[in-house]
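Below: the structure, in structure tokens.
What follows is calculated from the coordinates using simple rules that are stated; it is not laboratory data. Everything numeric here is computed off the predicted structure, so don't read it as measured data. Positions of Cβ are backbone-derived with ideal geometry, glycine not excepted, and every protein chain shown enters the neighbour counts.
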Amino acid sequence: MLTLAEAPAYFERYREIIPDFERFLEHLKEPLPLYFRLNELKCPDPEIVIRGLARQGARAEPVERVPNFYRVEPRTFPLGNTEEYYLGYIYPMTLNSSLPVIALDPQPGEVILDMCAAPGSKTTQIAQVTGDQAVIVANDRRLDRLTALVANLKRLGIACAMTTLYRGEEFPHGVPFDKVLVDAPCSGEGRYRQGYEGELLYQKEGRTNLPAIQKGLLVRAFDLVRVGGIVVYSTCTINPDENEMVVDYLLRKRQGRIIECHYPQPHHPGLTEWEGKILHPDLKKAARFFPHETDSVGFFVAKIERLM
Amino acid sequence: MAKKARRKRIHQQAVWPRTTSLEEREAVLSFWEERFGIPKETFDPYLLLATAKNYWLFVKPPDLKALQGLRVQTTGLLFTRKVSRWLKPTSTALQRFGHLATKNVVQLSPAELDRLRRERKISYEAPLEEGYVVISCEGKVWGCGLYTPGKLISYLP
């Protein structure tokens, strides 16, 4: 466990790539704000939720720049214990977690693979954005995580998703996907901060070779999508070894290009150089989101089109 | 001796639920229309799939055959159950589509809902047809109940 006192030394490696580094370090001491996404598929009127939460002592205000997101005060409010949660009207999630689906831009009728789907925040967001009319294959390699995913699909009343239990790197060929989302397992550095009870949420990656796993997932995702289709790769970490280096690996192995996106949160271009290595020039079109500039979790998102 | 931990089994040979015939689909959707006044067309964008005792709603894919090649764990939304020779709507499906119901909807007060959830069966009189009902409270649909004259039985999860 990395203590808050050790954080400056740990993140020193990123001093050059994190804007306003000192403010970033200060920001780690603040807890994450609380947000939820309103599930329009089930909730006929947002006022029902807003009034219901107000009766229980929580104030919910819409986030203008991200549709269907609401900020809740106090931020320690137990959203998971409310009847609004039980009935599937809300899905608590951080604001920046919405960004990969914004990049994916899912449309009704498209066949979409969510390769590392559990516990389902992005699967259910795709379903909601498409009015429950995309065909979503929600995959995860672990049964316990898949159980949580299935419970969330049921809770939110999603009918357009099916679930599968494959290792992402070995997901079978045969379905011509229009789009694939790879919200890859990562070291979670973007989530690192002092938690609600003063705990640190960072988990050390240990001996797992995350970049190797991420490269395997991204290459398979690229091979599964049809020519002209889209792969979105995202993580909640700052580490370029898990972000730009992974996408760079793909772009050297396969014919693809990164597409620039418009996001509702402030962001910076992806890196085109890291620790002396020159990376693919397209990576400047990827996006880096920092916790202290977005008051949310740090994220990396790259939208890649398959050319051949 | 320590009890052996129970593990959920993975169905390695899990197969796709079958797509219902037009007649079977018509029968299930007619039940929803006749019982709750929800038009059959509401479900036009969806396939109706069937397992031994359940019907599932799943969006119509452009190429079903390709998806059927995958080893699937779950498909779509649990919609209706076969109970003996009757059809029973699931609470999951009523929570999603119940706000479209025009009849056989029970409007409970928060106190009545609370008692129903705790006691599972309460005395209740209303001009309703005997059978399954939509349980609603202050604009929120909670799920399925069974109304018999003078009684309301909870099928809420």
Problem - Over the range B:104-154, relative contact order from alpha-carbon pairs under 8 Å, at least 6 apart, % - result: 42 percent
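If you take every DSSP beta bridge whose two residues both sit in chain A, what share of them, in percent to the nearest 5, is antiparallel? Each step should come with its number before you reach the end.
Numbers: 29 of 46 bridges.
Around 65 percent of the beta bridges assigned by DSSP in chain A are antiparallel ones.
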Practice task
Could you work out how far apart the two model spin labels at B:THR51 and A:HIS27 are, taking each label as a point 7 Å from the Cα in the direction of the beta carbon, and quote it in nm?
Solution key: 4.5 nm
Practice task
Work out the mean other chain Cβ neighbour count within 10 Å for the residues of B:74-81 and drop it here as an integer.
Solution key: 4
Problem - For the protein assembly as shown, with +1 on Lys and Arg beta carbons and -1 on Asp and Glu, the positive-most of A:VAL63, A:GLY80, B:VAL134 along the dipole - result: B:VAL134
Handout entry: Considering only the range A:173-307, percent of DSSP beta bridges that pair antiparallel, nearest 5
Key = 75 percent
Completion exercise
Over the Cα atoms of chain B the radius of gyration and the largest Cα-Cα distance (Dmax), both in Å, equal 18.1, 58
Completion exercise
Close lysine pairs (chain A; alpha-carbon distance under 18 Å; 8 or more apart or on separate chains) counted at 15
Practice task
Please give, to one decimal in nm, the separation of the simple spin-label points placed at A:HIS173 and A:ILE278, each 7 Å out from Cα toward the Cβ.
Solution key: 3.4 nm
Problem - Alpha carbon convex hull of the range A:33-93, projected area averaged over orientations, nm² - result: 3.6 nm²
Exercise for the section: Pick out which of A:ALA138, A:ALA118, A:ALA54 has the largest mean-square fluctuation in a Gaussian network model of chain A, springs linking Cα atoms closer than 10 Å. Expected result: A:ALA54
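Helix-derived [θ] at 222 nm for chain A: sum -39500 (n - 2.57) over DSSP H runs of at least 4, divide by residue count, nearest 500? It would help to have the intermediate numbers written out before the result.
Working: 10 runs with 83 residues, N = 308.
Helices in chain A give a 222 nm mean residue ellipticity of -7500 deg cm²/dmol.
When Lys and Arg each count +1 and Asp and Glu each count -1, what net charge do the other residues less than 9 Å away from A:ALA159, Cβ to Cβ, add up to? Mind dumping the intermediate values first?
On the way: positive: B:ARG96; negative: A:ASP132.
Summing Lys/Arg as +1 and Asp/Glu as -1 gives 0.
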Fill in the blank from the handout: Note: A:48-60 gets an average of partner chain Cβ contacts (10 Å, Cβ to Cβ) equal to 1
Problem - Amide proton proximity set for A:GLU30, modelled H, under 5 Å, gap of 5+ - result: A:GLN194
Problem - Listed residues B:LYS121, B:LYS65, B:LYS82, most fluctuating in chain B (Gaussian network, C-alpha, under 10 Å) - result: B:LYS65
Handout entry: Those lysines that a straight Cα-Cα span of less than 17 Å connects to B:LYS103, excepting residues fewer than 8 apart in one chain
Key = B:LYS40, B:LYS88, B:LYS140
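Counting alpha carbon pairs within less than 8 Å and at least 6 residues apart, what relative contact order, in whole percent, applies to chain A? Could you put the intermediate results ahead of the total?
Values: 636 pairs, mean separation 56.2, N = 308.
So the answer I get is 18 percent.
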Handout entry: Helix B:22-36 vs. chain B, principal-axis angle (Cα, 0 to 90°, nearest 10)
Key = 20 degrees
Handout entry: the range B:104-154: Cα Rg divided by the 2.2 N^0.38 Å rule of thumb
Key = 0.97
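Based on the Cβ-Cβ distance of A:ARG254 and B:LYS88, what FRET efficiency does E = 1/(1 + (r/R0)^6) give at R0 = 45 Å, to the nearest 0.05? Walk me through the numbers on the way to the answer.
On the way: r = 50 Å, r/R0 = 1.11.
With R0 = 45 Å, the Cβ-Cβ based efficiency is 0.35.
Net charge near B:GLU26, counting Lys/Arg +1 and Asp/Glu -1 over other residues with Cβ under 15 Å of its Cβ? It would help to have the intermediate numbers written out before the result.
Working: positive: B:ARG25, B:ARG35, B:LYS40; negative: B:GLU23, B:GLU24, B:GLU33, B:GLU34, B:GLU41, B:ASP44.
Result for the neighbourhood of B:GLU26: -3.
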Handout entry: Choice from A:VAL129, A:VAL63, A:VAL246 with maximal GNM fluctuation in chain A (Cα, 10 Å cutoff)
Key = A:VAL63
Handout entry: A:GLU73 versus A:ASN209: modelled label distance in nm, points set 7 Å from Cα along the beta carbon direction
Key = 4.9 nm
